[in-house]
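Trainee: Quick one: structure below, then a few questions.
The values are calculated or read from the model by the stated rules, or taken from the named source; none is laboratory data. All values reported here derive from a predicted model rather than from experimental measurement. As a convention, Cβ positions derive from the backbone with ideal geometry for all residues, glycine included, and neighbour counts pool all protein chains shown.
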Amino acid sequence: MRRALKHDVGVNGSNGDSAAGHRTSRTQDGGPAPARTRSTAPARGGKSRARVRMTGKQRREQLLEIGRSVFAERGYEGTSVEEIAERAGVSKPVVYEHFGGKEGLYAVVVDREMQLLLDMVTGALTGGHSRELLEQAAFALMDYIDTSTDGFKILVRDSPVAQSTGSFASLISDIAVQVEDILGLEFKSRGFDPRLAPMYSQMLVGMVALTGQWWLEVRKPQKAEVAAHLVNLAWHGLEGLERHPKLVGDRKG
């Protein structure tokens, strides 16, 4: 059980995220007094915000979600510990207690997002045909952009601090390594030099990733159409482009 946070003190002086007013008071005739409401702390602008009782783990997750949102909205430089603490309804020392500061919080957010994207892309590569595999990689990246837009915005920015999993470019390299093995087998079966597979995997994954960055802003055309055109270029090259490319896998949207 995590100990109560030293700096997360309620307005009545109690430790942790406990609510004020647990002790039952009595009226002059000996009967119980009406129950007191949970204490509130004034927020910026004069509004009152009720403190929410949380465990240490719950508070950490809350700070991560809020930090993720603010980093995506304002960028690393534009984000302050003060704003994150205010949105969470805690004091700044609580953020320092959990993460050691803004850099520590940012590092955890980035690591989580990079792992999520890597898992989604590599987990999607289940098809047996190389063209279908490319479709799956394209869909996986755009699915991530759809479901974790804030995370993707954070990943595509340059990181101001060293991350244990590196930069967005290194993440793309990690995904390309997964594709490399599949391409190597495909090259070997077609009589191509399998030593070229790492280079081609970087080309393919990089093309999909950069297209995803562009699609994040425009969101047109639809996801399936973007995937079809990506595969069209990668599979046929400029000389053999299909005018109306079609998806070959089971997924159509």
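Trainee: Just to check your reading of the model, which residue among Gly166, Gly127 is at pLDDT below 80 and more than 29 Å from Gly67 (Cα to Cα)?
Mentor: Gly127
Trainee: Sticking with this structure for a sec: Quick test for you: out of Val161, Val205, pick the one residue that is out of contact with any Gly (no Cβ under 6 Å at 6 or more places or on another chain), modelled with pLDDT of 80 or more and among the β-branched types (Val, Ile, Thr).
Mentor: None of the others qualify; the one that does is Val205.
Trainee: Assess whether Glu180 counts as being touching a Pro at 6+ places or on another chain (Cβ under 9 Å) and closer than 15 Å to Glu135 by Cβ.
Mentor: No.
Trainee: Any idea how many residues of the range 107-133 are touching a helix residue (DSSP H, G or I) at 6+ places or on another chain (Cβ under 6 Å) and in a loop (DSSP other than H, G, I, E, B)?
Mentor: Residues meeting the conditions: 2.
Trainee: Please verify whether the range 61-70 includes one or more residues that are outside any helix (DSSP H, G or I), in contact with a Gly (Cβ under 8 Å, 6 or more places away or on another chain), closer than 30 Å to Val156 by Cβ and modelled with pLDDT of 55 or more.
Mentor: no
Trainee: Continuing with the same structure: Considering only the range 190-218, state which residues are more than 17 Å from Gln136 (Cβ to Cβ) and under 19 Å from the mean Cα position of the chain (by Cα).
Mentor: Leu210, Gln213, Trp214, Leu216, Glu217
Trainee: Would it be correct to say that Lys153 is of a type in the set (Lys, Arg), modelled with pLDDT of 85 or more, touching a helix residue (DSSP H, G or I) at 6+ places or on another chain (Cβ under 6 Å) and closer than 20 Å to Glu103 by Cα?
Mentor: For Lys153, the condition - of a type in the set (Lys, Arg), modelled with pLDDT of 85 or more, touching a helix residue (DSSP H, G or I) at 6+ places or on another chain (Cβ under 6 Å) and closer than 20 Å to Glu103 by Cα - is met.
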